[in-house]
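> Questions regarding the structure given below will be posed in turn.
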Amino acid sequence: VDIGNGKVILGLDTKSFTISVTYLDITGTGTYVTAEPEVTVTKATPVSVVLMVKDRDINMDPESIDRLTADVDAEKDVIKLLKGNLVIYEIQVRKSDGTLADIPDNYLTDGSIAFFETDFDSGEFKLVLPSPGVFEAGESYTLEITDHTGGYAVNVKVTITPIEIKLDRTKYPVNVDKKIKIYITYVDDTYNKDPAVRNDVPKGTLKYKI
């Protein structure tokens, strides 16, 4: 335990702490129980995996948006989220066959890992993990998250949305006088660049053959 600037900084990987404070002849004692993170998947596409993390332990400053920085240990295939020099979370990605997904050396530089609080003093955070290089369309994974603030282990299953091409019907009439319209739905989040506007797929991306 480290006390400074009016704040109590607790150690890591311990689920609860008992703190006693004595001032003159008065002593007060309290127990702080760390929170197990609640993690939900809000998006899982070939572009990114987005998680919502509820964890009051890292709501450190009620007057600001708390953030964690990212680091990658490509040799051990570990994504680390840090507060200063302290490792708060470690994340490994396990594939459906039980093996670990490779975390490439350039994952941190080519992608944009983000972890930030959704609002002041909310204790709820958004975690964004880029998909390219780690997650493949149509595949399922388990995110193994170690929370070092309380020594908790949380596993979260994600399935990456596959790229799909759909037709509006399975059968079309032939030998008719009127023209036939065929409607094609193309599902690929790669081109969802801006959710606030209508995005276009570049010409030449899809090729049609009848």
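> How large, in percent, is the carbon and sulfur part of the accessible surface of the chain at a probe radius of 1.4 Å?
Of the solvent-accessible surface of the chain, carbon and sulfur hold 51 percent.
> Answer with a single label: of [x] 47, 18, 15; [y] 26, 22, 19; [z] 34, 26, 13, which was calculated as semi-axes √(5λ) of the Cα gyration tensor in Å from the structure in view?
Given [x] 47, 18, 15; [y] 26, 22, 19; [z] 34, 26, 13, the structure-derived one carries the label [x].
> Could you tell me what a quarter of the Cα convex hull surface of the range 44-142 works out to, in nm² with one decimal place?
Mean projected area for the range 44-142: 6.4 nm², to one decimal.
> Here's something else I'd like to know. Percent relative contact order of the range 64-152, based on C-alpha pairs within less than 8 angstrom and at least six residues apart?
After rounding, I find 32 percent.
> Shape verdict for the range 102-184, please, from the Cα gyration tensor: rounded (a/c under 1.5), prolate (a/b greater than b/c) or oblate.
Note, shape of the range 102-184 comes out prolate.
> Give the accessible surface of the chain per residue, rounded to a whole number of Å², with probe radius 1.4 Å and ligands, DNA and RNA excluded.
The answer is 67 Å² per residue.
> While we're here: Per DSSP H run of at least 4 residues, take -39500 (n - 2.57); add these up for the chain, divide by its residues and hand me the 222 nm value, nearest 500 deg cm²/dmol.
Here the helix-only value at 222 nm equals -500 deg cm²/dmol.
> Rank Asp147, Asp200, Asp119 by mean-square fluctuation in a GNM of the chain with C-alpha springs under 10 angstrom and give only the top-ranked residue.
Most flexible of the set in this elastic network: Asp200.
> Residue separation times 0.36 nm, minus the C-alpha to C-alpha distance between Lys126 and Asp97: what's the value?
7.7 nm
> What residue among Ile145, Ile163, Ile103 has the largest mean-square fluctuation in a Gaussian network model of the chain, using Cα springs under 10 Å?
Ile163
> Just the accessible area for Lys83, please: 1.4 Å probe, Å², rounded to the nearest 10?
Roll a 1.4 Å probe over it and Lys83 shows about 70 Å².
> Here's another thing I want to ask about it. How do Met60, Met52 stack up against each other in accessible area, from largest to smallest, with a 1.4 angstrom probe?
Result, largest first: Met60, Met52.
> For the range 111-152, what relative contact order do you get, as a whole percent, if you take Cα pairs closer than 8 Å and at least 6 residues apart?
29
> Working with all protein chains in place, sort Ile210, Ile65, Ile26 by solvent-accessible area computed with a 1.4 Å probe, largest first.
Accessible-area ranking of Ile210, Ile65, Ile26, largest first: Ile210, Ile26, Ile65.
> Before anything else, pin down the relative contact order of the chain: Cα pairs under 8 Å, at least 6 apart, normalised by residue count, whole percent.
This gives 20 percent for the chain.
> Taking only Cα atoms and a 10 Å spring cutoff, compute GNM fluctuations for the chain and point out the largest among Lys179, Lys80, Lys157.
Most flexible of the set in this elastic network: Lys179.
> Rounded to the nearest 0.05, what FRET efficiency do Lys171 and Ser112 give with R0 = 30 Å and r taken as the Cβ-Cβ distance? Could you check?
Approximately 0.10, to the nearest 0.05.
> If I take R0 = 41 Å and measure r between the Cβ atoms of Asn85 and Thr27 in this structure, what FRET efficiency does the formula 1/(1 + (r/R0)^6) give, to the nearest 0.05?
Using R0 = 41 Å, I get an efficiency of 0.80.
> What GluC sites (Glu not before Pro) in the range 21-85 are in a loop by DSSP, with at most 12 other Cβ atoms within 10 Å of the Cβ?
Qualifying residues, ordered by number: Glu63, Glu75.
The values are calculated or read from the model by the stated rules, or taken from the named source; none is laboratory data. Everything numeric here is computed off the predicted structure, so don't read it as measured data. Every residue, glycine among them, receives a Cβ derived from its backbone with ideal geometry; neighbour counts consider all protein chains shown. To get the accessible areas, we keep the full protein, side chains included, count just its heavy atoms, and leave off ligands, DNA and RNA. Shrake-Rupley method; radii C 1.70, N 1.55, O 1.52, S 1.80 Å.
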